[in-house]
1. Please work out the Cα convex hull volume for the range 39-106 and give it in Å³ per residue.
2. Could you sort out which of Lys68/Lys88; Lys83/Lys114; Lys51/Lys73; Lys94/Lys114 sit more than 20 Å apart by Cα distance in this structure?
3. Per residue of the range 52-58, in order, report the coupling 6.51 cos²θ - 1.76 cosθ + 1.60 (Karplus, θ = phi - 60°) as ³J(HN,Hα) in whole Hz, putting x for Gly and Pro.
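Values in this text are rule-based calculations from the coordinates and carry no lab data. Keep in mind the model is a prediction, meaning the values are calculated, not measured.
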Amino acid sequence: DDDGSVFRRALDIALSGGIFLPRFIFSNDPEYSSVSAFNKRQDSLETLNIKGRLLEVLYYVCQGYLYKTIANKMNIAEGTVRKDYVPKLLQLFKVTRRTQLVAEIARRGIVIPKPSSSSFDVNAQRF
């Protein structure tokens, strides 16, 4: 893949509502040794002690929802999402940005279950 075709593929995926993750995230290439080290870890939601509302926030973050949308869906203050839940998740996964969090979840192969909440709206605003 040349850079142009990768960019076009990423743009197509993003415009169709998906999340593009570059191939190197899943690579076993020694150049990306930290990636392959994470792939060998057996992290799960249980071992990371992610449950309840924190798990729900993680799901919505991985779906690309805005803080305000997440707060509305969960009937909590936006500040609670932004200042409490998301920083806890960033710290747990040792990342500093939401996009890094999503990539880290994918790299570790963790599957986030869809919340059982009836307020789930596929048309909610995303960033």
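1. Considering the Cα atoms of the range 39-106, their hull volume per residue is 76 Å³.
2. In this structure, Lys83/Lys114; Lys94/Lys114 lie more than 20 Å apart at Cα.
3. x, 5, 4, 5, 5, 4, 4
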